[in-house]
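Visitor: This is the structure, below, for whatever I ask next.
The values are calculated or read from the model by the stated rules, or taken from the named source; none is laboratory data. Since the model is a prediction, treat every value here as computed from it, not as a measurement. As a convention, Cβ positions derive from the backbone with ideal geometry for all residues, glycine included, and neighbour counts pool all protein chains shown.
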Amino acid sequence: MGTILELQGVSMSFGGLKAVDSLSFDVRENEIVSIIGPNGSGKTTTFNVISGLYEPDSGDILLKGESVAGLRPDQVHDKGISRTFQSLRLFSNMSVLDNVLVGMHSVTDAGLIASMLRLPKVRREEAAMRVKAREILEMFPGRFSGPRQQQPAFSLSYANRRRLEIARALASEPALLLLDEPVAGMNPMESREVMEQIKVLRDKGYTILMIEHDMHVVEGVSDRVIAMDHGVKIAEGTYTEVANDPQVVEAYLGKRAAEATA
Amino acid sequence: MRLSEVTERVSGAAARVPRSVYAVGGLVIAIIFPLLNMAGWVETAWLRVGVISLLFVMLSLGLNIVMGETGLLNLGYIAFFAFGAYTTALLSSPKFELRWPFLVVVVLSALIAMVAGFVIGLPTLRLRGDYLAIVTLAFGEIVRLTITNLQDFTNGPNGITGIYSPRLVGEGALESLGSTGPAAWLVIDKPVEYYYLVLACVAVTAVLISNLKNSRIGRAWNALREDELAAVSAGITASRAKLLSVVLSAGIAGFAGSLFAYYSNVISPESFLFMQSVIVVCMVVLGGMGSIPGVILGAIVLQALPQVIRQAAGAARSEFEVYRMLIFGIIIVVMVIFRPEGLLPDTLWRREAHEVDPREQEKTRQSLFDLEEGEKDLEV
Ligand SMILES: Nc1ncnc2c1ncn2[C@@H]1O[C@H](COP(=O)(O)OP(=O)(O)O)[C@@H](O)[C@H]1O
Ligand SMILES: [Mg+2]
């Protein structure tokens, strides 16, 4: 199995704060890797650096061996990295279907003149996009059926909005999918459902790097787990290894509790 | 019944009529209109009002691309109209003794305006809101002042006179076919001819833009307007998409400017005042940002309605001029308060204006019945 993503000593600071500190890890093909860590430990910042929203101060980010550090977000997306956001960022007035269609922007190519004239090839492309978008939405059975595809994204429930963000990210069939807390705010039943869907995505061949707080989900889906604290990677391994790592317990529960459990 | 309820009912009824009915109906009325003049029922002055209204329809369609689709304010839009008009005036008037073929001139006028759009668009890509408003306003004024002061090229405040009428087929083209000179019908110089020429241009522009709105490019513009960070993360190149919308809208204004120069025979800087930019913005806002039928209606209402009122006012005409801008202001204020989405709103902007749309809510309730148990999670 080849390496999809490789971070080599990536650092990113805001003013004096080192949000990510010489972070190195890799994600191999068809793997689900979870990043855990207390709030403010630099997980989202890591995603922002990978997806091109921030340029790392130092270090390199390789996608299938090719550096993507310092590229613009749309360029990173073109290379094959799609993401969701911890704080939902849908195109809320646009329809459910259109949200997914926007996700296909970079893998379609109707140009200005062709679109204005609505040439046959543009019509074909649009029709194919819609078929594809419906297929993706049907990965979430019953959630985006029929009339709901035409409704504005804001009218969806919180859980469905999270699902729609995943659908939008999947629309370009990315080589790597970044999910930032995909089950945040969901009830246990909904979380379990999303967990199953993430496994289905792996079965379909997707490679996933996920930030998650819900330990049931992390345990349920992760091939490997990376723990971060204060921007530093403090542990890496299987769920059991990481969950029992003294440094991880300390980061979550504080030093005294860690000693007590030891 | 409150005013907002009335407008809600009217628009509810209006929304049930398919958009294609409006398009065909509007086009039929526009085509029939000059026939009334030919029949002697309508004065030729009204035909002139029609031509100018159509030119403003085209300007509104163009400005709507940046304002309504991409969400970028432009308070200097009339400058692109000026670029088109002056390009035409220079290439088809006694000023430099040029009379280039109509099609070449129109295309060049649009291209020059597009270059101007690129030049102003590129450095302002990152700006939004107030800053963009100030920069575009300044751009419009700089263009107008430059035109006023470039005496050698533009004759300054006196303007360029004697712009030749468009010839759809250039001189000589017919000789080669064995004819002795350009046939009269190939020269456009009567109001009714201009009217149909501009109408055809407007209709084609509206169709092309409407196709674009419902394309991958239109969706990219909307996505950028809704959430730029999410849009770029979803693979949209913001600078490219925005620049495309700015340049395209400039091109449409340049095209309209070219037709305007041909039609009016004479152009001068006073046709390109800041107030004209504001008026086009008002047309887009009144009709409904992002809505093609809306901005067409907005342009016609704000351009033709004052003329109708002026006519009706009769003796009080000169006084009416004084109140014209005041009436504009009142209309816009009333609109923004009671119907911010415009007369014939676009779906996205209607949702934007009302966090929860009453009609959407109704549809949602309906669709809930179609969905299975445990699925009633729509937050409305
Ligand atoms: N844009 C920013 N500007 C300044 N500080 C930031 C910014 N983004 C994140 N931070 C800081 O960096 C640290 C890591 O944040 P973040 O990556 O969001 O943590 P996590 O996702 O692990 O909860 C926090 O202390 C946060 O306040
Ligand atoms: Mg976070």
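Visitor: Does region A:68-75 contain at least one residue that is among the polar types (S, T, N, Q) and closer than 24 Å to A:Lys132 by Cα?
Guide: Among the residues of region A:68-75, at least one is among the polar types (S, T, N, Q) and closer than 24 Å to A:Lys132 by Cα, which makes the answer yes.
Visitor: Let me spell it out: the conditions are (1) in contact with a Leu (Cβ under 9 Å, 6 or more places away or on another chain); (2) within 16 Å of ligand 1 (Cβ to nearest atom), and A:Ser145 meets all of them except one. Which number is the exception?
Guide: All conditions pass for A:Ser145, except number (2).
Visitor: Checking A:Leu112 against (1) touching a helix residue (DSSP H, G or I) at 6+ places or on another chain (Cβ under 8 Å); (2) closer than 25 Å to A:Pro182 by Cβ; (3) facing chain B (nearest Cβ under 9 Å); (4) more than 16 Å from ligand 2 (Cβ to nearest atom), only one condition comes out false. Which one?
Guide: (2)
Visitor: How many residues does region A:139-153 hold that are closer than 25 Å to B:Gly235 by Cβ and either facing another protein chain (nearest Cβ under 7 Å) or not in a helix (DSSP H, G or I) (or both)?
Guide: If we filter region A:139-153 for residues that are closer than 25 Å to B:Gly235 by Cβ, which is where we start, we get A:139-140, A:143-144, A:148-153.
After this cut, where a residue has to be either facing another protein chain (nearest Cβ under 7 Å) or not in a helix (DSSP H, G or I) (or both) as well, the list is A:139-140, A:143-144, A:148, A:151-152.
Residues meeting the conditions: 7.
Visitor: Does A:Asp109 satisfy the condition of being more than 14 Å from ligand 1 (Cβ to nearest atom) and without any contact (Cβ under 8 Å) to a residue 60 or more places away in the chain?
Guide: So A:Asp109 fits the description; yes.
Visitor: In region A:68-84, is there at least one residue being free of Cβ contacts under 8 Å to residues at least 12 places away in the same chain, more than 15 Å from B:Thr237 (Cβ to Cβ) and surrounded by fewer than 22 Cβ atoms within 10 Å (Cβ to Cβ)?
Guide: So in region A:68-84, the residues free of Cβ contacts under 8 Å to residues at least 12 places away in the same chain come out as none.
No, because not a single residue in region A:68-84 is free of Cβ contacts under 8 Å to residues at least 12 places away in the same chain, more than 15 Å from B:Thr237 (Cβ to Cβ) and surrounded by fewer than 22 Cβ atoms within 10 Å (Cβ to Cβ).
Visitor: In this structure, is A:Ser13 away from ligand 2 (no atom under 16 Å from the Cβ), over 25 Å from A:Val183 (Cα atoms), of a type in the set (S, T, N, Q) and in contact (Cβ under 8 Å) with a residue 40 or more places away in the chain?
Guide: Taking the combined requirement at face value, the residue satisfies it.
Visitor: Could I ask something else about it? Which condition number in (1) within 17 Å of the chain's Cα centre (by Cα); (2) in contact (Cβ under 8 Å) with a residue 40 or more places away in the chain; (3) at the interface with chain A (Cβ under 9 Å from one of its Cβ atoms) is the one that B:Val207 fails?
Guide: Only one criterion in (1) within 17 Å of the chain's Cα centre (by Cα); (2) in contact (Cβ under 8 Å) with a residue 40 or more places away in the chain; (3) at the interface with chain A (Cβ under 9 Å from one of its Cβ atoms) is unmet by B:Val207, namely (2).
Visitor: Ok, one more. Need at least 3 residues that are more than 14 Å from chain B (Cβ to nearest Cβ), near ligand 1 (Cβ under 10 Å from one of its atoms) and touching a Gly at 6+ places or on another chain (Cβ under 7 Å) per element, so show me which strands (runs of 3 or more DSSP E) inside region A:6-69 make the cut, counting only ones lying wholly within it.
Guide: On the way: elements: A:17-28, A:32-36, A:58-63.
Answer list for region A:6-69: A:17-28.
Visitor: Of the residues that make up region A:191-199, is at least one within 13 Å of chain B (Cβ to nearest Cβ) and either surrounded by 24 or more Cβ atoms within 10 Å (Cβ to Cβ) or on the phi < 0 side of the Ramachandran plot (or both)?
Guide: Yes, because at least one residue in region A:191-199 is within 13 Å of chain B (Cβ to nearest Cβ) and either surrounded by 24 or more Cβ atoms within 10 Å (Cβ to Cβ) or on the phi < 0 side of the Ramachandran plot (or both).
Visitor: Residues that are out of contact with any Leu (no Cβ under 6 Å at 6 or more places or on another chain) and not assigned by TED's automatic domain parsing to the domain that holds B:Leu168, at least 1 per element: which helices (runs of 4 or more DSSP H) completely within region B:13-124 meet that? Step through it out loud before you land on a result.
Guide: Details: elements: B:19-38, B:44-64, B:78-91, B:102-121.
Result: B:19-38.
Visitor: Only one of (1) more than 11 Å from chain B (Cβ to nearest Cβ); (2) assigned to a helix (DSSP H, G or I); (3) surrounded by fewer than 19 Cβ atoms within 10 Å (Cβ to Cβ) fails for A:Gly185. Which number is that?
Guide: Only one criterion is unmet by A:Gly185, namely (2).
Visitor: Let me ask something else about it. A:Leu88 is checked against (1) within 16 Å of ligand 1 (Cβ to nearest atom); (2) at the interface with chain B (Cβ under 10 Å from one of its Cβ atoms); (3) modelled with pLDDT of 95 or more and fails just one. What number does that condition carry?
Guide: (3)
Visitor: Let me ask something else about it. Restricting region B:219-240 to residues that are of a type in the set (Gly, Ala, Ser) and surrounded by fewer than 22 Cβ atoms within 10 Å (Cβ to Cβ), which is farthest from the other protein chains (Cβ to nearest Cβ)?
Guide: For region B:219-240, the residue satisfying everything is B:Ser239.
Visitor: I'm trying to understand the selection: among the residues of region A:70-84, which are within 14 Å of chain B (Cβ to nearest Cβ) and more than 16 Å from ligand 2 (Cβ to nearest atom)?
Guide: A:Leu71, A:Arg72, A:Pro73, A:Asp74, A:Gln75, A:Val76, A:His77, A:Asp78, A:Lys79, A:Gly80, A:Ile81, A:Ser82
Visitor: With respect to A:Ala169, determine if the residue is small (Gly, Ala, Ser), under 15 Å from the mean Cα position of the chain (by Cα) and modelled with pLDDT of 95 or more. Don't jump to the end; show me each part of the working.
Guide: Numbers: small (Gly, Ala, Ser): yes; under 15 Å from the mean Cα position of the chain (by Cα): yes; modelled with pLDDT of 95 or more: yes.
Spelling it out, A:Ala169 is indeed small (Gly, Ala, Ser), under 15 Å from the mean Cα position of the chain (by Cα) and modelled with pLDDT of 95 or more.
Visitor: Determine whether B:Gly129 is small (Gly, Ala, Ser), in contact with a Lys or Arg (Cβ under 8 Å, 6 or more places away or on another chain) and more than 25 Å from B:Ser268 (Cβ to Cβ).
Guide: No; evaluated as a whole, the condition is false for this residue.
Visitor: Which condition does A:Asn39 not pass, out of (1) crowded, with 21+ Cβ neighbours inside 10 Å; (2) free of Cβ contacts under 8 Å to residues at least 24 places away in the same chain; (3) within 16 Å of ligand 2 (Cβ to nearest atom), if it passes all the others?
Guide: Looking at each condition in turn, A:Asn39 falls short on (1).
Visitor: Between A:Arg130, A:Arg118, which is more than 16 Å from ligand 1 (Cβ to nearest atom) and on the phi > 0 side of the Ramachandran plot?
Guide: Working: A:Arg130 fails: on the phi > 0 side of the Ramachandran plot.
Sole residue among the options that is more than 16 Å from ligand 1 (Cβ to nearest atom) and on the phi > 0 side of the Ramachandran plot: A:Arg118.
Visitor: Of the residues B:Ile252, B:Ile279, only one is at pLDDT 95 or above and among the β-branched types (Val, Ile, Thr); which?
Guide: Exactly one residue qualifies, and that residue is B:Ile252.
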